[in-house]
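Accompanying notes for the structure given below.
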Amino acid sequence: MSAMTVPPKDFEEYLASVPEPARTTLEKLRRTIRAAAPGATEAISYRMPTFKYRGKPLVALKASKDHCALHTMGYIPDELQRDLESYDTGKGTIRFPVDKPLPAALVRKVVKVRIAEVESGQGYRA
């Protein structure tokens, strides 16, 4: 969504480049993820704001022209398939409207599943 030619250096710079209402949507998502994964750190990876847990990618955020996305790092975990039936999903991506964040309970569940995967050594699957 951003016209930045240089990758953003941090979450704030990325969010500053995102127009409303997507910016507010991603900020809400960020707060929910931070609360669900207090041990996670924030970074920029592949030009996206990314949360890392124990040094491994946990989830990432992105704004596009027509939607926002929560990336689950390469695939949608099987235990989330039913919860995500009403969303547009792709390889490791959950897309939702720019003006409607994912429900906080769903985001918490995604983060908990991903934390369990990182802790078990699964972490990321392509």
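The values are calculated or read from the model by the stated rules, or taken from the named source; none is laboratory data. This is a predicted model, so every value here is computed, not measured. Ideal geometry is used to build each Cβ from the backbone, glycine not excepted, and the neighbour counts take in all protein chains shown. The area values use the complete protein model at the heavy-atom level, side chains included, leaving out ligands, DNA and RNA. Shrake-Rupley method; radii C 1.70, N 1.55, O 1.52, S 1.80 Å.
Among CYS68, VAL111, PRO97, pick out the residue whose Cα is farthest towards the positive end of the charge dipole of the chain, where Lys and Arg carry +1 and Asp and Glu carry -1 on C-beta, about the Cα centre.
VAL111
Tell me the carbon and sulfur percent of the accessible area for region 1-74, rounded to whole percent, probe radius 1.4 Å.
Values: 2000 of 3810 Å².
Within region 1-74, the accessible surface is 53 percent carbon and sulfur.
So, with +1 on the Cβ of K and R and -1 on the Cβ of D and E, and no other charges, what is the size of the charge dipole of the chain about its Cα centre, to the nearest 20 debye?
Charge dipole of the chain: 200 debye, to the nearest 20.
Between ALA116 and LYS100, what is the spin-label point distance in nm, taking each point 7 Å from the Cα along the Cα→C-beta axis?
The answer from the label model is 2.8 nm.
Give the accessible surface of the chain per residue, rounded to a whole number of Å², with probe radius 1.4 Å and ligands, DNA and RNA excluded. Walk me through the numbers on the way to the answer.
Numbers: 6800 Å² over 126 residues.
Value returned for the chain: 54 Å² of accessible area per residue.
Would you grab the residues whose amide H sits under 5 Å from the one on VAL98? Only those 5+ places off in sequence or on another chain, please, with H modelled 1.01 Å from N.
Distant-sequence amide H within range of VAL98: CYS68.
What is the spin-label model distance, in nm, from TYR46 to GLU85 if the labels are put 7 Å beyond Cα along the C-beta direction?
2.8 nm
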